[in-house]
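Notes follow once the structure below has been shown.
The values are calculated or read from the model by the stated rules, or taken from the named source; none is laboratory data. Quantities reported herein were computed from a predicted structural model and do not represent experimental measurements. Cβ placement follows ideal geometry from the backbone for every residue including glycine, while neighbour counts extend to all protein chains displayed.
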Amino acid sequence: MASDQDLVVETVKDILSGFPPFVLTADRRWDRELWGVLAEAGLTGVGLPEEAGGSGGALADAVAIVRTLAAGAAAVPVAEQLLVAGPAVVAAGLHLPMPAEVMTFVVADDVVAHASDDGDGPGRFVLTGAAAGIPWAQQASHLAVLASGPAGPVLALVVAGNLDLADGANLAGEPRGSFSFDGEPATGALLTPAQAAGLRGRFALTRAVQLTAALEQVLAWTVQYAGERQQFGRPLGTFQAIQMELAEMAGEVTAVTALTDAAVQSLERGSADFVLAAAAAKVRAGAAVEVVARLAHQVHGAIGFTQEHTLHHLTRRLWSWRDEAGSELAWAPVLAAGLLADGPDGLWPALTRVL
């Protein structure tokens, strides 16, 4: 019997069958129609509690949706909403916007949140500064901003419509805009440093989940192509050199999947080591991108570089997502420091606990 999660995945796949991936351009940055169908089906609120206005369901359901959409190169901001912004707003006790509206998340180290003195009561802030590289900024109606503040980190919820927007996009063409804050009012909540670190970890895990799904799909496409493409009278996949490349790709994907699944389970358990698990997943996923994308294009040959082929829809996202929410260079020191926190004698226990 199919589980509830299986049914959710099949529902998303059925919807995606009517929305093939397309080349993102300045005139068409996202799939508005696909977002509308997903929202109507309640899938843009999965994993968020019903009492807060979400659709209910578990974290694993939200992760399954994000994985399925990532593998399908869907141009919609579901990952940021289900895995970062939505849970962050709910955990902070802020009012959750309607799931049919786009809400995104940004780590904004250069944005400062000051408590408001306008007499509106606690939880009111004003924001100053600027934030760049905001995913889906052009489509968002609300921003969940992880800002700094005189008393510590602040999660601020901002209405995006009144902000000055600078347009931008990543290598895959996905919107990545910039906003300037000049005394912008916001509702918000003070966070502890551990809570702020957890949000950074959630964002990294979100990209790791997407990377994992895309890497798995690129591997599947490459194996299929090698089995179908004939060269010198036999399939490419029968040549030892190609078999070695496919095996190398499979090893990378298997390692990434294991670490990402472990990080998701760590988050589900509320483990104190979640940030380290997320760091490990993001570092390993980012490192795998270079190997898997390179070998996939090498096996596909010239056809894989054409715009008409499906491969670039995911490889360009792989190269983009690798650097977002913290690259390997950003997360490797965090992982190393955490694993070595208890000294040399604590390294092995830390490795077995986190990884």
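Residue-by-condition table, conditions (1) in contact with a Phe, Trp or Tyr (Cβ under 6 Å, 6 or more places away or on another chain); (2) at pLDDT 95 or above; (3) assigned to a helix (DSSP H, G or I); (4) not acidic (Asp, Glu):
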residue	(1), (2), (3), (4)
180	no, no, no, yes
184	no, no, no, no
194	no, yes, yes, yes
220	no, yes, yes, yes
259	no, yes, yes, yes
272	no, no, no, yes
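Inspect the stretch 305-322 for any residue being closer than 12 Å to residue 211 by Cβ, of a type in the set (S, T, N, Q) and under 25 Å from the mean Cα position of the chain (by Cα) and give the result as yes or no. I'd like the intermediate steps shown before the answer.
First, the residues of the stretch 305-322 that are closer than 12 Å to residue 211 by Cβ: 314-315, 317-322.
Going one step further and asking which of them are of a type in the set (S, T, N, Q), we end up with 315, 320.
With the extra rule that they be under 25 Å from the mean Cα position of the chain (by Cα), the set shrinks to 315, 320.
Yes, the stretch 305-322 contains at least one residue that is closer than 12 Å to residue 211 by Cβ, of a type in the set (S, T, N, Q) and under 25 Å from the mean Cα position of the chain (by Cα).
Could you list all residues from the stretch 158-199 that are of a type in the set (Phe, Trp, Tyr) and without any contact (Cβ under 8 Å) to a residue 40 or more places away in the chain? Answer for the stretch 158-199, where residues must be of a type in the set (Phe, Trp, Tyr) and without any contact (Cβ under 8 Å) to a residue 40 or more places away in the chain: there is none. Can you tell me which residues in the stretch 51-99 are touching an Asp or Glu at 6+ places or on another chain (Cβ under 8 Å) and over 16 Å from residue 267 (Cβ atoms)? Listed by number, the residues that qualify are 56, 71, 74, 75, 76. Only residues that are within 17 Å of the chain's Cα centre (by Cα) and under 22 Å from residue 254 (Cα atoms) were counted across the stretch 191-240, and they come to 17. In the stretch 330-348, the residues that are within 26 Å of residue 286 (Cα to Cα) form Cβ pairs under 7 Å with partners that are part of a loop (DSSP other than H, G, I, E, B) and modelled with pLDDT under 95, at six or more places apart or across chains, as follows: 347/340.
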